[in-house]
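The values are calculated or read from the model by the stated rules, or taken from the named source; none is laboratory data. Remember, it's a predicted structure, so these values are computed and weren't measured experimentally. Glycine gets a Cβ as well: all are built from the backbone with ideal geometry, and neighbour counts include every protein chain shown. Keep in mind that these areas ignore ligands, DNA and RNA; they rest on the heavy atoms of the full protein, side chains included. Shrake-Rupley method; radii C 1.70, N 1.55, O 1.52, S 1.80 Å.
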Amino acid sequence: LSLNIIQEHPDQLPEELIDQLSLLATHILNDYKKNDLEINLKLVSSDEMTALNQTYRNKTKDTNVLSFPTDPEVIYLSKELGDIAICVPFMESEAKTLNRSKDNHMMHLVTHGVLHLLGLDHANEKDANLMESHEISYLKKFNISNPY
């Protein structure tokens, strides 16, 4: 299992979505030859995400997804690539605003988070274009249309 999902409430995500998210993470990790590693995905509240954003990014607001890569020296011991936090209320509200299904939006955010753990970023236009093209490509494999 390459994706360990930590939910506050059991059944927060439908079983079918959990299977799809796991398959997606496995697929991306395989492409990067990191299929021996695991990722922890924690579904968090708005309060918890705001606290994480404040602590790690010095921003006093909620956000959709944050990624926390494991220190490279620790990866070989822990077999964990890192952690992803997704704020479910933010994700659900954002999906509605963007007129997307919650499941498809969750797939996009997990893709985005995994790519961050693998070192991709969107700090400048060139890097953003590369990251977005990877996201579009992975989502297409799951019949999810371009989120941009």
So ASN53 clears everything in (1) over 23 Å from TYR138 (Cα atoms); (2) crowded, with 19+ Cβ neighbours inside 10 Å except one condition, right? Which one? (2)
Among the residues in region 69-76, are any in a helix (DSSP H, G or I), open to solvent by less than 20 Å² (accessible area, probe 1.4 Å) and hydrophobic (A, V, I, L, M, F, W, C)? no
For LEU109, state whether it is open to solvent by less than 30 Å² (accessible area, probe 1.4 Å) and part of a helix (DSSP H, G or I). yes
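Matching residues to (1) open to solvent by less than 10 Å² (accessible area, probe 1.4 Å); (2) at positive phi; (3) free of Cβ contacts under 8 Å to residues at least 12 places away in the same chain; (4) outside any helix (DSSP H, G or I):
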residue	(1), (2), (3), (4)
ASP83	no, no, no, yes
HIS122	no, no, yes, yes
ALA128	no, no, yes, no
HIS134	no, no, no, no
Qualifying residues in region 8-48 (those that are outside any helix (DSSP H, G or I) and open to solvent by less than 50 Å² (accessible area, probe 1.4 Å)) - the one farthest from LYS59 (Cα to Cα): LEU37
What number goes with the only condition from (1) over 26 Å from ASN143 (Cα atoms); (2) under 17 Å from the mean Cα position of the chain (by Cα) that MET107 does not pass? (1)
Would you please name the residue that is surrounded by the fewest Cβ atoms within 10 Å (Cβ to Cβ), looking only at residues in region 56-68 that are among the hydroxyl-bearing types (Ser, Thr, Tyr) and either touching a Cys at 6+ places or on another chain (Cβ under 7 Å) or assigned to a loop (DSSP other than H, G, I, E, B) (or both)? THR60
